[in-house]
Amino acid sequence: MHIYLYIITAAALVVSVIASRKKTLAAFKIAATRFFKVLPVFLVMLILFAVSITFLPNEVIGKLLGRNSGPFGVAIASVVGSITLMPGFIAFPLCGALLGKGVPYMVLSAFTTTLMNVGILTYPLERRYLGRGVTLVRNGVCLAVALIVAVVTGLVFGEIRL
Amino acid sequence: MKPRRKLIVNLALIAGFAVFAGVSLMADFKPGRQIGATFTSTLWEMMKLLPCAFVLIALFDVWVKREMVIRHFGHGSGIRGYLWAILLAGTTIGGLYVAFPLAYSLHKKGAKLGVTFAYIGFSGICRIPMTLFEASFMGAKFTAVRLAVSIPLITIAAVLMGRYLTKRGYDITE
């Protein structure tokens, strides 16, 4: 799977270099600056991940979020996703690591979709712009969408059998 | 916390962890060694992906100018308005908290309520830099399923909410 990412990145780079060397160089600078800015936060996330994975036995993770957790795992993931605020560059690597620990795609999809679209902590801000009623409806709709996405993901990846 | 203090705290944590892992390795402290092993193997996996994701996102930032998208926004009526909403959301950086003020100003500039709601929804689900990150770590199939399911649903919800609220004389405030 990684090989596609390398091919796409290489192709994008080649096209970019042909179009403008200056812009490509600027892009490299942006990428490097951001990478080193993010690195400390990223390493701390990995440390927390390594520590909690070591002390939480595999059975506990399996029971809470694993393949046999069913609707329960999706429910936990959606609640956590709705409450937490986490930038994508932390959330997706974390999900990738959890995937390696046997957490199903379905559960991770419930987490990431609610994380991106349902905001309990951003509620006060949202209410200022949209008003209370619309804010509640919007978040409700997005939660429903996240659950539908999770179910379809489960079906596509063969995690739910009909 | 100030960014600088946050950085110092994070660096201290990392240094502490490095010492802990080193001592565990030398003293053959089992749980410590296990944590260290999990850390390095996960880090190795991530480092295979992370640089590519950052380079792709930076290339996107350099080549796609948001002003161009905003200029076209609101001109398109009907389905075109929604397509521009997807494009604009794709170039939005940051989360919902950036989307609300922008949605407000778009609406003030004449974007329909339905298109404005669609923009808010899309800025959660299809920001391109974030999607690149997602596909790198979760696989393109995962991302494709998520987009294929959520874009139509968000659009339908936005159209319905837009119609209903326009009738009720609803307005986005600041």
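The values are calculated or read from the model by the stated rules, or taken from the named source; none is laboratory data. What you see is a predicted model, and the numbers here were worked out from it, not measured in a lab. Cβ sites come from the backbone with ideal geometry, for glycine too, and all protein chains shown count toward neighbours. Accessible surface areas use protein heavy atoms only, side chains included; no ligands, DNA or RNA. Shrake-Rupley method; radii C 1.70, N 1.55, O 1.52, S 1.80 Å.
Within the range A:9-22, is there a residue that is touching a Cys at 6+ places or on another chain (Cβ under 8 Å) and under 22 Å from residue B:61 (Cα atoms)? So far as the range A:9-22 goes, yes, one or more of its residues are touching a Cys at 6+ places or on another chain (Cβ under 8 Å) and under 22 Å from residue B:61 (Cα atoms).
In this structure, does residue A:97 turn out to be out of contact with any Ser or Thr (no Cβ under 7 Å at 6 or more places or on another chain), facing chain B (nearest Cβ under 8 Å), among the aliphatic types (A, V, I, L, M) and open to solvent by less than 50 Å² (accessible area, probe 1.4 Å)? Here the answer is no, as residue A:97 does not meet what is asked.
Considering only the range B:116-131, how many residues are open to solvent by 10 Å² or more (accessible area, probe 1.4 Å) and more than 10 Å from chain A (Cβ to nearest Cβ)? Residues that pass the stated criteria total 1. Hey, among B:173, B:155, which residue is of a type in the set (S, T, N, Q) and more than 10 Å from every other protein chain (Cβ to nearest Cβ)? Only one candidate passes the filter, namely B:155. When A:111, A:92 are checked against the criterion of being closer than 29 Å to residue B:45 by Cα and open to solvent by 10 Å² or more (accessible area, probe 1.4 Å), a single residue qualifies: A:111. Taking residue A:111, is it modelled with pLDDT of 90 or more, at negative phi and more than 9 Å from every other protein chain (Cβ to nearest Cβ)? For residue A:111, the condition - modelled with pLDDT of 90 or more, at negative phi and more than 9 Å from every other protein chain (Cβ to nearest Cβ) - is met. If you go through the range B:28-67 and keep only what is open to solvent by 70 Å² or more (accessible area, probe 1.4 Å), part of a helix (DSSP H, G or I), more than 24 Å from residue B:136 (Cβ to Cβ) and more than 7 Å from chain A (Cβ to nearest Cβ), you end up with B:30, B:33, B:67.
Taking the numbered list (1) within 11 Å of chain B (Cβ to nearest Cβ); (2) within 27 Å of residue B:98 (Cα to Cα); (3) of a type in the set (A, V, I, L, M, F, W, C) in turn, residue A:80 passes all entries but (1). Across the range B:132-143, the qualifying residues are those that are free of Cβ contacts under 8 Å to residues at least 24 places away in the same chain and at the interface with chain A (Cβ under 9 Å from one of its Cβ atoms), and the one among them that is farthest from residue A:7 (Cα to Cα) is B:142. Contact annotation: residue pairs with Cβ atoms under 6 Å, 6 or more positions apart or on different chains, pairing a residue in the range B:10-35 that is of a type in the set (S, T, N, Q) with a partner that is open to solvent by 70 Å² or more (accessible area, probe 1.4 Å), are B:24/B:33.
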